[in-house]
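The values are calculated or read from the model by the stated rules, or taken from the named source; none is laboratory data. This is a predicted model, so every value here is computed, not measured. Cβ: placed from backbone, ideal geometry, glycine included. Neighbour counts: every protein chain shown.
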Amino acid sequence: MTQGQYVAAAYGVVFVFVLAYVAIIAAKLARLQRQTTELLRLAQRRQQPDRETADAGPREVLHEA
Amino acid sequence: MSYVADVAVLARKDLKVELRARDTLPAMLLFVLSTLVVFRFALSKETGDDAAYGLLWIAIVFTALLGLSRAWVPEHEHGVLDGLLLAPCDRSAIWLGKSLATLAFLLAAQAVALPIFALFFAPLDATALAGVLLADIGICAVGSLVAAMAAAGRARELLLPLLLLPLTIPLVVGGVGAAISPEEGRFLLLLALYDGIFAVLSWASFEFVVTE
Amino acid sequence: MSLLAPVRSLPGLAALTTLLMGVALMLALIVAPEDADQGVSQRIFYIHVPIALTAYFCFALGAWKALLLLARGDERYDLESYVAIHQGTIFGSLTLLTGSIWAKASWGIWWTWSSNQLVLFLVLFLFYCAYFMLRFSLEDGPQRGRTCAVYALFGVALIPVSFLAIRMAQDFIHPTVFTRHGPQMSGSMFTAFCFCWAAVTLLAYLLYRVELAGKRVDANLRELREALQ
């Protein structure tokens, strides 16, 4: 390898690390999105208690999911 | 003066427990001897004395690890630690007592191992012995704190070497240097510096590790 | 106060980091003159040394937060100390990688025991990996926070002592033949270095803040779930 390629490799390694960090944060964001959606549905269910007592189905589904 | 008395009582308790159960010291003795014998076969005939001193230090560090991994086991198995924490003594006295007891075990194991090393491998002079003593103090001071950390975890026997080995690197450098370097005084100074810094740090921080 | 304003808000910090990193990379790779002795490979210096300094800074920050945890007992310092050490370990591994590449470029070998900086980072890497093992092996709670804080404090005590030990070990491991830094840096080289240092420090601080924000969202969500169920 030439000297220039080593320089590129050194800077590239840092770049790849930062990108890997972005990927980890992306995975985390996806998980947070899933969790907030779940909580949102839970909260919505809370606001309509009469519907829930009439039909217990959705809560069961949610618990298993 | 009551602090010194507390420490003496705690250290004596560990020695008594060991005298009754004989769990740790025979194991350390046998371990350090078999390690030295194994090393005899790991070295080729042309290897000089310098390599032997390196191996001696590996044997010392691992023997100390073996002793330390047992150090807090009686406390945890029989709930002794909770009782000690309730006792009206300074928490750091518990650490100091444990360090002294471990140091006594380690010195006892070395009292057998070092003459055998001198017989099998290479001679040991006064500075090398001073290095061993200073490094023992450092290992026991840091080791009994780190062993208390590891004992609270799930995989305690597995965790202790991982936690302790990086911390022993300066001690190994100092010990090997005291044995083979022509300027051994600098290495003894390094060991003394390490002992001072880490003993104070362990003494001051032990309370935080054991308090619930 | 107004000067610090962009650093306080996360988007402002991110924008500032991006800007500074762009300028720093341009200075380091294009503007700075080529080193007379080492040639183009000297440019690795502009990324390697700032990353190493930043890793030290992160470890020191983690130990400082650990000290605050022990002194004040506030739970949030536990998380901050952990995240700072996490950043330090990431930058420490980057130091090992870029240093290794630099060693190959200038001396033709991937690893040398005679480079104190590299060996020290190897020791620290082992030490802080053990920190994570310790953290994941203990049960969540105030005792875990304090135990990890004590171990983090041991880390900053270990840095100078190990550095001294590694320097002294050179005598019997290997004779010292290499000197890493060129004897002199020209003015524009020094400017490039300073910009890189600032940019990398800001990058570390940005990642620290992002991770901390993520961890706090996690904790909030957990509480919200408990409140709803």
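Please work out if B:LEU103 is outside any helix (DSSP H, G or I), surrounded by 15 or more Cβ atoms within 10 Å (Cβ to Cβ) and at pLDDT 85 or above. Lay out the reasoning, then the answer.
Numbers: outside any helix (DSSP H, G or I): no; surrounded by 15 or more Cβ atoms within 10 Å (Cβ to Cβ): yes; at pLDDT 85 or above: yes.
So B:LEU103 does not fit the description; no.
Take C:PHE91 and decide whether it is in contact with a helix residue (DSSP H, G or I) (Cβ under 6 Å, 6 or more places away or on another chain), more than 13 Å from chain B (Cβ to nearest Cβ) and closer than 19 Å to C:ALA204 by Cβ. Spell out the reasoning first.
Values: in contact with a helix residue (DSSP H, G or I) (Cβ under 6 Å, 6 or more places away or on another chain): yes; more than 13 Å from chain B (Cβ to nearest Cβ): yes; closer than 19 Å to C:ALA204 by Cβ: yes.
Yes, satisfied.
Report yes if B:ARG20 is out of contact with any helix residue (DSSP H, G or I) (no Cβ under 6 Å at 6 or more places or on another chain), within 18 Å of B:TRP95 (Cβ to Cβ) and basic (Lys, Arg), otherwise no. Walk me through it before giving the result.
Working: out of contact with any helix residue (DSSP H, G or I) (no Cβ under 6 Å at 6 or more places or on another chain): yes; within 18 Å of B:TRP95 (Cβ to Cβ): no; basic (Lys, Arg): yes.
Answer is no for this residue.
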Going residue by residue through segment B:157-176, is there one that turns out to be of a type in the set (A, V, I, L, M) and more than 19 Å from the chain's Cα centre (by Cα)? no
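Filtering segment C:122-150 down to residues that are outside any helix (DSSP H, G or I) and of a type outside the set (A, V, I, L, M, F, W, C), which residue is farthest from the other protein chains (Cβ to nearest Cβ)?
Initial filter on segment C:122-150 (outside any helix (DSSP H, G or I)): C:138-141.
With of a type outside the set (A, V, I, L, M, F, W, C) added as a condition, the list becomes C:139-141.
Numbers: C:GLU139: 8, C:ASP140: 12, C:GLY141: 9 Å.
Result: C:ASP140.
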Which of the residues that make up segment A:1-21 are surrounded by 13 or more Cβ atoms within 10 Å (Cβ to Cβ) and under 19 Å from the mean Cα position of the chain (by Cα)? A:VAL18, A:TYR21
Can you say whether C:ILE173 is modelled with pLDDT under 90, surrounded by fewer than 17 Cβ atoms within 10 Å (Cβ to Cβ) and farther than 28 Å from A:PHE15 by Cα, as far as the supplied structure shows? yes
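Residue-wise test of (1) modelled with pLDDT of 90 or more; (2) buried (at least 20 other Cβ atoms within 10 Å of the Cβ); (3) hydroxyl-bearing (Ser, Thr, Tyr).
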{"residue": "C:LEU158", "(1), (2), (3)": "yes, yes, no"}
{"residue": "C:ILE166", "(1), (2), (3)": "no, yes, no"}
{"residue": "C:PRO183", "(1), (2), (3)": "no, no, no"}
{"residue": "C:ARG209", "(1), (2), (3)": "yes, no, no"}
{"residue": "C:ALA227", "(1), (2), (3)": "no, no, no"}
Starting from residues that are outside any helix (DSSP H, G or I) and farther than 20 Å from A:GLN3 by Cβ, keep the ones in segment C:111-121 and report whichever is nearest to the other protein chains (Cβ to nearest Cβ). C:TRP113
Sort through C:PHE178, C:PHE136, C:PHE132, C:PHE193 and tell me the only one that's over 21 Å from B:LEU164 (Cβ atoms), modelled with pLDDT of 85 or more and out of contact with any Lys or Arg (no Cβ under 7 Å at 6 or more places or on another chain). C:PHE193
Looking at (1) without any contact (Cβ under 8 Å) to a residue 40 or more places away in the chain; (2) surrounded by fewer than 20 Cβ atoms within 10 Å (Cβ to Cβ), which is the one condition that is false for B:ASP6? (1)
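Would you kindly identify the helices (runs of 4 or more DSSP H) lying entirely within chain A that contain at least 2 residues that are within 11 Å of chain C (Cβ to nearest Cβ) and modelled with pLDDT of 90 or more? It would help to see each step written out before you state the result.
Details: elements: A:3-47, A:49-54, A:57-64.
Helices (runs of 4 or more DSSP H) meeting the threshold: A:3-47.
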Which residue pairs have Cβ atoms closer than 8 Å, lie 6 or more positions apart in sequence or on different chains, and pair a first residue in segment C:106-120 that is touching a residue at least 12 places away in the same chain (Cβ under 8 Å) with a second residue that is in a loop (DSSP other than H, G, I, E, B) and among the basic types (Lys, Arg)? C:SER115/C:ARG180; C:GLN117/C:ARG180
Quick check: is even one residue across segment C:2-16 crowded, with 23+ Cβ neighbours inside 10 Å, in a helix (DSSP H, G or I) and basic (Lys, Arg)? no
Mind listing whichever residues of segment C:111-124 are of a type outside the set (Phe, Trp, Tyr) and at pLDDT 85 or above? C:LEU118, C:VAL119, C:LEU120, C:LEU122, C:VAL123, C:LEU124
Among residues of segment C:22-50, those that are of a type in the set (D, E, K, R) and without any contact (Cβ under 8 Å) to a residue 60 or more places away in the chain, counted: 2
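Kindly indicate which of B:LEU56, B:LEU65, B:LEU30 is assigned to a helix (DSSP H, G or I), within 14 Å of another protein chain (Cβ to nearest Cβ) and not hydroxyl-bearing (Ser, Thr, Tyr). I'd like the intermediate steps shown before the answer.
Working: B:LEU56 fails: within 14 Å of another protein chain (Cβ to nearest Cβ); B:LEU30 fails: within 14 Å of another protein chain (Cβ to nearest Cβ).
Answer to the selection: B:LEU65.
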Residues in segment C:98-110: is at least one modelled with pLDDT of 90 or more, buried (at least 16 other Cβ atoms within 10 Å of the Cβ), part of a helix (DSSP H, G or I) and within 14 Å of chain B (Cβ to nearest Cβ)? no
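Mind telling me which of the residues B:VAL32, B:VAL80, B:VAL61 ends up being touching a Pro at 6+ places or on another chain (Cβ under 8 Å) and either surrounded by fewer than 13 Cβ atoms within 10 Å (Cβ to Cβ) or not small (Gly, Ala, Ser) (or both)? If you could, list the steps in order and put the result at the bottom.
On the way: B:VAL32 fails: touching a Pro at 6+ places or on another chain (Cβ under 8 Å); B:VAL61 fails: touching a Pro at 6+ places or on another chain (Cβ under 8 Å).
The conditions single out B:VAL80.
Please find, among B:ILE94, B:ILE116, the residue that is surrounded by fewer than 17 Cβ atoms within 10 Å (Cβ to Cβ), at negative phi, away from chain C (no Cβ under 13 Å) and in contact (Cβ under 8 Å) with a residue 40 or more places away in the chain. If you could, list the steps in order and put the result at the bottom.
Numbers: B:ILE94 fails: surrounded by fewer than 17 Cβ atoms within 10 Å (Cβ to Cβ).
Answer to the selection: B:ILE116.
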Looking at segment C:62-81 only, could you name the residues that are within 30 Å of C:LEU25 (Cβ to Cβ), touching a residue at least 40 places away in the same chain (Cβ under 8 Å) and out of contact with any Ser or Thr (no Cβ under 7 Å at 6 or more places or on another chain)? C:GLU80
